[in-house]
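To start, the structure itself, in structure tokens.
The values are calculated or read from the model by the stated rules, or taken from the named source; none is laboratory data. These numbers come from a predicted model, not from an experiment. Cβ atoms come from the backbone with ideal geometry, glycine included; neighbour counts cover every protein chain shown.
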Amino acid sequence: MIKLDITPNEFDAYYARYIDKLSDNSTLLESFTEGLKNTIHFFNTIPEEKLHYRYQPEKWNSKEILQHLIDTERIFMYRCFRIARRDSTPLTGFDQNIYVAPSNATHKSLTALLSEFEFNRKNSIQLLNSFSKEDLEFIGNSNGGAMSARAAAFVIPGHDIWHQEIIQERYL
């Protein structure tokens, strides 16, 4: 069981904004399992009329944010996988903004998006279950900085919380 005891040398300081959203007692698998339930519940409570709301014209709506959570989890689990497998190839960053339009999230039903989220999260949990403690502690290079496999994974549930707080503050 991996507790949230990662050290600052395992990730770029930028990612602390997400990792710090998690309890110090969080384990990796618990944070993914609880995050699955909490995220589905959260998005199911958003009123229908608010799913397409943008607090500024250039900002994403709630459905696009949910798609962003799915896409980001895919990317960070890919990073986690590569690092855990001892791949020392530097992993590049991604421009999250270019992913939104081709995702067509606005035209997907909330049910379809939540199903995609759930399927993706369960796949991530399966993958995490396959790693040893040593696999998860291995440090690779992601987006120009050091990142352990477990830090890449811990970013994901914290990132979910980050965006749920933004939706709560600015969209509802």
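Here are the numbers for this structure:
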quantity: Check on Tyr15, aromatic (Phe, Trp, Tyr) and in a loop (DSSP other than H, G, I, E, B); calculated: no
quantity: Counted residues, the stretch 79-101 - those being of a type in the set (A, V, I, L, M, F, W, C) and more than 14 Å from Ile139 (Cβ to Cβ); calculated: 5
quantity: Scan of the stretch 1-55 for residues that are under 26 Å from Leu114 (Cβ atoms) and basic (Lys, Arg), ordered by number; calculated: Arg17, Lys21, Lys37, Lys50, Arg54
quantity: Out of Ile40, Ile70, Ile83, Ile65, sole residue that is at pLDDT 95 or above, part of a helix (DSSP H, G or I), surrounded by fewer than 18 Cβ atoms within 10 Å (Cβ to Cβ) and among the aliphatic types (A, V, I, L, M); calculated: Ile40
quantity: Qualifying residue in the stretch 109-127 (condition: touching a residue at least 60 places away in the same chain (Cβ under 8 Å) and more than 19 Å from His163 (Cβ to Cβ)); calculated: yes
quantity: Residues being without any contact (Cβ under 8 Å) to a residue 60 or more places away in the chain and surrounded by 13 or more Cβ atoms within 10 Å (Cβ to Cβ) - total across the stretch 43-53; calculated: 1
